[in-house]
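A.B. asks: Structure incoming, see below.
The values are calculated or read from the model by the stated rules, or taken from the named source; none is laboratory data. None of the values given here were measured: they were computed from a predicted structure. Cβ sites come from the backbone with ideal geometry, for glycine too, and all protein chains shown count toward neighbours. Keep in mind that these areas ignore ligands, DNA and RNA; they rest on the heavy atoms of the full protein, side chains included. Shrake-Rupley method; radii C 1.70, N 1.55, O 1.52, S 1.80 Å.
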Amino acid sequence: MSIHTLEVLVENEPGVLARVAGLFARRAYNIDTLVVGPTENSEISKMVIQVNLEGHSLEQVMAQLDKLITVISIKELIDGAVKSSKHDTQPDYQN
Amino acid sequence: MTTHVPTVNGTAMTGATSLVKSLEAAGVDVMFGIPGGAILPAYDPIFDSTIRHILVRHEQGAGHAATGYAQVTGRAGVCIATSGPGATNLVTPLMDAAMDSVPLVAITGQVPSAAIGTDAFQEADIRGITMPFTKHNYLVTDPNDIPRAIAEAFHIATSGRPGPVLVDIAKDALQKQTTFTWPGKIELAGYQPKFTPDNSAILDAAKLIAQSKKPVFYIGGGVIKANASKELAQLVEILGAPVVTTLMARGAFPDSHPLHLGMPGMHGTVAAVTALQKADLLITLGARFDDRVTGKLSTFAVNAKVIHADIDPAEINKNKFADVPVVGDLRETITALIPALKAELSKNRADLTPWLASMNNLRATYPLGYALPDDGSLSPQLVIERIGKISGTDTIFTSGVGQHQMWASQFISYEKPRTWLNSGGAGTMGYGVPAAMGAKVGAPDTTVWAIDGDGCFQMTNQELVTCALNNIPIKVAIINNESLGMVRQWQTLFYDGRYSNTNLDSKRVPNFPLLAEAMGCVGLACDNPGDLDATIEKAMSINDQPVVIDFRVHRDAMVWPMVAAGTSNDEIMIARATAPDWDSQEL
Ligand SMILES: Cc1ncc(C[n+]2csc(CCOP(=O)(O)OP(=O)(O)O)c2C)c(N)n1
Ligand SMILES: [Mg+2]
């Protein structure tokens, strides 16, 4: 188990939770916990997401999150700096 | 898109008029669509607009036509539909455009904002449905938000890694009054694509390239999106290394170039597949290590270091680890790489001769080819090859999905970018005809051929009516093997020849030439190799009407080479149960 905590600033607009939750679901990333709250800026909300990587790389999860237009910034809490692992390739499959 | 501040800025108007003025301000010259209740307010000002609206026969046709237009022009394609079923009919083209990074803007009407969430007539949560495969999407319920949403949609669709954006607009927002205000420069806090690559990454890449004894350029569709073919040609000349172009990159580098080894992947050439497998360095430009290219990933290019240049940071390390990632616009990247590589090569230049010799040997030993049918019937590969030769390299080709698609990629020579349009990532049957329609609208003076399958054609041929009525004279070659040929090929190879539900009987029904005539096109047929060239030339001579040719071909032809799904590229087959003779190759 590899649990990381991300602090994600997002545009405070309808559907933003669905965008983030949908991304995690369709890319098979596991959310352990998710908390959404306001910030001093009423146009921006803060999400704190605990992600259980289980084979995914944190770098990839963050890069995919960052592609959401409504996501403004992402930073990892607790562990500090983000390290990218050398072997983050996908498992083999027959498609 | 060329955007300019419209003269109507600050004028009072309806949301619908504001939508049309916004599209005009975004530089739209054509859109494909079908009206309906929720979008109807917009169709009234469309009636007076300078934008050409092409009334299609199915919204899927509108979406793929917009894609064909975008792929040919490099500008955003626009499609428009009503709520509910109109919007859901756009789902496939949107997914298709996302997979192939096509700039598309889809406008849909939505039920009035007060009705949203009530299961109202023709209500569908199209924003929710399309979230997974749009680059971004909007639900607009306030008429004042329309210009900004449209301006942002075009900005997002066309910049960075291109992709589809959907703007869903509630009917009451279209009906209400608003004051039109076109936004100035679009700045989005959460969207800042990186265009200029880091200099240190460029230098690292140049160093790695100069040291490599077995480099190969692995070229993807991103090179075409970035309009970087000219720069790529220079870079290749400087290094003199072999090049492979993926299904999405055919035409990014001329097929006739002596360093071009062809297409890699499941139906790639032996030389292209082997070049990737045996390389010590992949110079990956705008490609994404798709499973159709890598085969079994754990055995893909195991001895190669990887330079991966892409505008999308999420592609880096997604499937294959990149030793040197380069994030940025590919034209800028290649332009920066050229002097950096020249400088490195002047210090130190590896001898590529043995590597080139072994790749040239492979290419000479295992060229693409096919056997003509013993019974003298028409060969599908020959049909496609002759169309390519007779029509020439200025032609734009589209295809459906299946065997004919692979043959169209293999046996037509592509010399220029944006001349080969197909559904690569999604594999959407039915792409061919509507994409050709959109391509012809985008390039009216260019000959456009759809190389289609008898199965694919039956999914979207209704757009030939649109073509006939709107003076869009495309040419369609139906490669009629009376079956879902590609699926049948898998049944031959992997299911003991048990042809469950792949027989289409399409030499009996439908009568394709008659169907074509019924849709206002010229319908031709050919089943004899002796008539082949004359039939193609006949089609070439008709330029005032769409033409459809029913090429009645041998049904048992197969696509070779093949790397079976889930197997290693090392297990490439050149014919059934026949591997290349590796012992005679020095690699
Ligand atoms: C919409 C859709 N449905 C199903 C498939 C699966 N499929 C892939 S190729 C193919 C056969 C296509 O038949 P045809 O158009 O006749 O082309 P051929 O392979 O015979 O050249 C099918 C059914 C698909 N790719 N797309
Ligand atoms: Mg067929």
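A.B. asks: Is it fair to say B:Asp374 is charged (D, E, K, R), without any contact (Cβ under 8 Å) to a residue 12 or more places away in the chain and farther than 23 Å from B:Tyr431 by Cβ?
C.D. replies: Numbers: charged (D, E, K, R): yes; without any contact (Cβ under 8 Å) to a residue 12 or more places away in the chain: yes; farther than 23 Å from B:Tyr431 by Cβ: yes.
Judged against the criteria, B:Asp374 is a match.
Results for (1) modelled with pLDDT under 95; (2) within 27 Å of B:Gly402 (Cα to Cα); (3) open to solvent by less than 30 Å² (accessible area, probe 1.4 Å); (4) not in a helix (DSSP H, G or I), shown as yes or no for each residue.
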position: B:Gly265; (1), (2), (3), (4): no, yes, yes, yes
position: B:Leu276; (1), (2), (3), (4): no, yes, yes, no
position: B:Arg292; (1), (2), (3), (4): no, yes, no, no
position: B:Val302; (1), (2), (3), (4): no, no, no, yes
position: B:Ile307; (1), (2), (3), (4): no, no, yes, yes
position: B:Ala322; (1), (2), (3), (4): no, no, yes, yes
position: B:Glu332; (1), (2), (3), (4): no, no, no, no
position: B:Leu337; (1), (2), (3), (4): no, no, yes, no
position: B:Leu341; (1), (2), (3), (4): no, no, yes, no
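A.B. asks: Turning to a different aspect of this structure: Contact list please: Cβ distance under 9 Å, first residue in segment B:467-487 and in contact (Cβ under 8 Å) with a residue 40 or more places away in the chain, second residue of a type in the set (S, T, N, Q) and near ligand 1 (Cβ under 6 Å from one of its atoms), pairs at least six apart or on different chains.
C.D. replies: Short answer, once both residue conditions are applied: B:Ile479/B:Gln403; B:Asn481/B:Gln403; B:Gly485/B:Gln403; B:Met486/B:Gln403.
A.B. asks: Among the residues of segment B:177-199, which ones are within 30 Å of B:Ile238 (Cα to Cα) and surrounded by fewer than 17 Cβ atoms within 10 Å (Cβ to Cβ)?
C.D. replies: B:Pro193, B:Lys194, B:Phe195, B:Thr196, B:Asp198, B:Asn199, listed by residue number.
A.B. asks: Quick check on B:Tyr414: is it within 16 Å of ligand 1 (Cβ to nearest atom) and not assigned by the TED database to the domain that holds B:His64?
C.D. replies: Answer is no for this residue.
A.B. asks: Restricting attention to segment B:419-462, and to residues there that are of a type in the set (Ser, Thr, Tyr) and within 15 Å of ligand 1 (Cβ to nearest atom), which single residue is farthest from the other protein chains (Cβ to nearest Cβ)?
C.D. replies: Filtering segment B:419-462 for residues that are of a type in the set (Ser, Thr, Tyr) and within 15 Å of ligand 1 (Cβ to nearest atom), the one farthest from the other protein chains (Cβ to nearest Cβ) comes out as B:Thr460.
A.B. asks: Could I ask something else about it? I'm checking my understanding of the structure. Among residues of segment B:476-507 that are within 14 Å of ligand 2 (Cβ to nearest atom) and hydroxyl-bearing (Ser, Thr, Tyr), which one is surrounded by the most Cβ atoms within 10 Å (Cβ to Cβ)?
C.D. replies: Among those that are within 14 Å of ligand 2 (Cβ to nearest atom) and hydroxyl-bearing (Ser, Thr, Tyr), it is B:Ser483.
A.B. asks: For segment B:343-369, which residues satisfy the criterion of being more than 30 Å from B:Asn528 (Cβ to Cβ) and open to solvent by 60 Å² or more (accessible area, probe 1.4 Å)?
C.D. replies: Within segment B:343-369, B:Ser346, B:Lys347, B:Asn348, B:Arg349, B:Asp351, B:Thr353, B:Pro354, B:Asn360, B:Asn361, B:Arg363, B:Ala364, B:Thr365 meet the criteria.
A.B. asks: Right, something else. Do any residues in segment B:42-65 that are without any contact (Cβ under 8 Å) to a residue 40 or more places away in the chain and polar (S, T, N, Q) have Cβ atoms under 7 Å from those of residues that are open to solvent by 20 Å² or more (accessible area, probe 1.4 Å) and outside any loop (DSSP other than H, G, I, E, B), where the two are at least six apart or on different chains, and which pairs are they?
C.D. replies: Every condition considered, the pairs that remain are B:Ser49/B:Glu24; B:Thr50/B:Glu24.
A.B. asks: Shifting gears a bit: Which of (1) open to solvent by 50 Å² or more (accessible area, probe 1.4 Å); (2) closer than 20 Å to B:Asp323 by Cα does B:Asn227 not meet, given it meets every other one?
C.D. replies: (2)
A.B. asks: Can you find even one residue in segment B:148-160 that is open to solvent by 10 Å² or more (accessible area, probe 1.4 Å), away from chain A (no Cβ under 14 Å) and in contact with a helix residue (DSSP H, G or I) (Cβ under 8 Å, 6 or more places away or on another chain)?
C.D. replies: Looking through segment B:148-160, none of the residues is open to solvent by 10 Å² or more (accessible area, probe 1.4 Å), away from chain A (no Cβ under 14 Å) and in contact with a helix residue (DSSP H, G or I) (Cβ under 8 Å, 6 or more places away or on another chain).
Quick grid of which residues meet (1) open to solvent by 30 Å² or more (accessible area, probe 1.4 Å); (2) more than 14 Å from chain A (Cβ to nearest Cβ); (3) without any contact (Cβ under 8 Å) to a residue 40 or more places away in the chain:
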residue: B:Leu524; (1), (2), (3): no, yes, yes
residue: B:Asn528; (1), (2), (3): yes, yes, no
residue: B:Pro546; (1), (2), (3): no, yes, no
residue: B:Met558; (1), (2), (3): yes, yes, no
residue: B:Val563; (1), (2), (3): no, no, no
residue: B:Asp570; (1), (2), (3): yes, no, no
residue: B:Ala575; (1), (2), (3): yes, yes, yes
residue: B:Leu587; (1), (2), (3): yes, yes, no
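A.B. asks: A further question on this structure: Just to be sure I understand the filter: pairs with C-beta atoms under 7 Å, separated by 6 or more residues or on different chains, first member in segment A:1-14 and under 15 Å from A:Val61 (Cβ atoms) and small (Gly, Ala, Ser), second member at pLDDT below 95 and assigned to a loop (DSSP other than H, G, I, E, B). Which pairs pass?
C.D. replies: Listed pairs, sorted by first residue: A:Ser2/A:Leu53.
Okay, residues lined up against (1) of a type in the set (A, V, I, L, M); (2) in contact (Cβ under 8 Å) with a residue 40 or more places away in the chain; (3) within 17 Å of B:Gly190 (Cβ to Cβ):
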{"site": "B:Gln110", "(1), (2), (3)": "no, yes, no"}
{"site": "B:Ala115", "(1), (2), (3)": "yes, no, no"}
{"site": "B:Ala124", "(1), (2), (3)": "yes, yes, no"}
{"site": "B:Gly128", "(1), (2), (3)": "no, no, no"}
{"site": "B:Met131", "(1), (2), (3)": "yes, no, yes"}
{"site": "B:Thr134", "(1), (2), (3)": "no, yes, yes"}
{"site": "B:Val140", "(1), (2), (3)": "yes, no, no"}
{"site": "B:Ala153", "(1), (2), (3)": "yes, yes, yes"}
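A.B. asks: Which residues, taken from segment B:468-506, are under 30 Å from B:Arg52 (Cα atoms) and either near ligand 1 (Cβ under 7 Å from one of its atoms) or out of contact with any Phe, Trp or Tyr (no Cβ under 9 Å at 6 or more places or on another chain) (or both)? Let's see the steps before the verdict.
C.D. replies: Start the filter on segment B:468-506 by keeping residues that are under 30 Å from B:Arg52 (Cα atoms), which leaves B:468-478.
Result: B:Ala468, B:Leu469, B:Asn470, B:Asn471, B:Ile472, B:Pro473.
A.B. asks: Another question, if that's okay. Considering segment B:508-522 alone, what residues qualify as being surrounded by 17 or more Cβ atoms within 10 Å (Cβ to Cβ) and either outside the structural domain of B:Val448 (by the TED database) or among the small types (Gly, Ala, Ser) (or both)?
C.D. replies: B:Ala516 - this is the single residue of segment B:508-522 that is surrounded by 17 or more Cβ atoms within 10 Å (Cβ to Cβ) and either outside the structural domain of B:Val448 (by the TED database) or among the small types (Gly, Ala, Ser) (or both).
A.B. asks: So which residues in segment B:278-298 are within 14 Å of another protein chain (Cβ to nearest Cβ) and on the phi > 0 side of the Ramachandran plot, if there are any at all?
C.D. replies: Selection gives B:Phe289, B:Gly295.
Residues checked against (1) closer than 25 Å to B:Gln458 by Cα; (2) among the aliphatic types (A, V, I, L, M):
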| position | (1), (2) |
| --- | --- |
| B:Leu514 | yes, yes |
| B:Arg552 | yes, no |
| B:Ala557 | yes, yes |
| B:Val563 | no, yes |
| B:Arg576 | no, no |
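A.B. asks: Does B:Ile202 meet the test of being open to solvent by less than 40 Å² (accessible area, probe 1.4 Å), of a type in the set (A, V, I, L, M) and more than 27 Å from B:Ala153 (Cβ to Cβ)?
C.D. replies: In short, yes.
A.B. asks: For a quick check of your reading: which helices (runs of 4 or more DSSP H) sit entirely within segment B:14-110 and have at least 3 residues that are more than 21 Å from B:Gly424 (Cβ to Cβ) and open to solvent by 10 Å² or more (accessible area, probe 1.4 Å)?
C.D. replies: B:15-25, B:40-46
A.B. asks: Okay, moving on. Which of (1) free of Cβ contacts under 8 Å to residues at least 60 places away in the same chain; (2) touching a Phe, Trp or Tyr at 6+ places or on another chain (Cβ under 8 Å); (3) more than 16 Å from ligand 2 (Cβ to nearest atom) is the odd one out, the single condition B:Pro444 does not satisfy?
C.D. replies: (2)
Residue-wise test of (1) surrounded by 14 or more Cβ atoms within 10 Å (Cβ to Cβ); (2) closer than 30 Å to B:Asp145 by Cβ; (3) modelled with pLDDT under 95.
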| residue | (1), (2), (3) |
| --- | --- |
| A:Ser2 | no, no, yes |
| A:Glu11 | yes, yes, no |
| A:Pro14 | no, yes, yes |
| A:Arg19 | yes, yes, no |
| A:Ala25 | no, yes, no |
| A:Val35 | no, yes, no |
| A:Pro38 | no, yes, no |
| A:Glu43 | no, yes, no |
